[in-house]
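Throughout, read-outs are computed from the coordinates displayed, never taken from laboratory work. Every value quoted in this text rests on a predicted model; they were computed, and no experiment measured them. For neighbour counting, all protein chains shown are included, and Cβ atoms are generated from backbone atoms with ideal geometry for every residue, glycine included.
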Amino acid sequence: MNFLPHLSQRAGEPAEQPAQSRRILRRGLTGALAAAAALSLSFVPQGFPEAQAQSSMGSLSSSAGDLEDLAGIINGIVGGLENGGGGGAGTAPNNNANLSERTFSVNGKTRKAIVKMPKSGLRSNLPVVFMFGGWQHDANKARSYAGLENTAAGDSAIIVYPEPVRSTFKGETYPAWGGAPYATNTSRGADVAFVRQIVNTLVREGKADRNRVYATGLSNGGGLALGLGCAAPDLVKGVVGVSGAYY
């Protein structure tokens, strides 16, 4: 399991980025991920995932092929967030070819996700990259500022933007990922099960390689990305948390 450097946020505090901070966020993200690509990526012992989740670097235990795969995903993520709008307003990529909004049944509930197949035309045994938006961000908004399908990652990977459950907090209702105090209508376990169901479905269809699943996210979504590494280390090969809100 590869945990990459993240820009931390104080626990319990929503990590929404005002417009004037987006450029700083992108610059910091680029530096952190470029460093991760250049240096050894950390291996997290499965026996102690929570203790290692906040550590940027650890002992290396991965094949050269794994590192090459993850470095390619990193480059795609860097390009997407540097060229996009950070965590603020943006325009969704206009290339909707091979894009679908899919539904998944998870423990009796219907969940949705935007799934973008690679523009290369490859259709089988592909890596998968999940992008989780921040608090108040639905899947379309996450896609608007990440736009990972328009980067190197979109050439050969399936890009998935899962839809968060809407939760009411202090009288207002917004999309949120489980684990946060404002995620009143879902849980970390429910969202992990959702991601697992997406992976299982894509693998069953012959589209995805179960051993090359990656996750990244911003703010509340960054917390979920690293949470996947803790709660489901068998599911994800590498994770990136950006300005993550950890609970």
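Here the residues TRP177, TRP135, ranked from fewest to most Cβ neighbours within 10 Å of their Cβ, fall in the order TRP135, TRP177.
On full extension of the chain, what length is gained from THR110 through ARG204, given 0.36 nm per residue of separation minus the C-alpha to C-alpha distance? Mind dumping the intermediate values first?
Values: separation 94, 0.36 × 94 = 33.84 nm, distance 1.86 nm.
Stretched fully, the THR110-ARG204 segment lengthens by 32.0 nm.
Checking the a/c ratio against 1.5 first, then a/b against b/c, what shape does the Cα gyration tensor give for the range 116-247? Since a/c reaches 1.5 and a/b is larger than b/c, the shape of the range 116-247 is classed as prolate.
Label reach from THR184 (point 7 Å along Cα→C-beta): in the range 108-141, amide nitrogens under 18 Å belong to 135-137. Listed by chain and number, the lysines whose alpha-carbon sits under 25 Å from that of LYS119, ignoring those within fewer than 8 places in the same chain, are LYS141, LYS207, LYS237.
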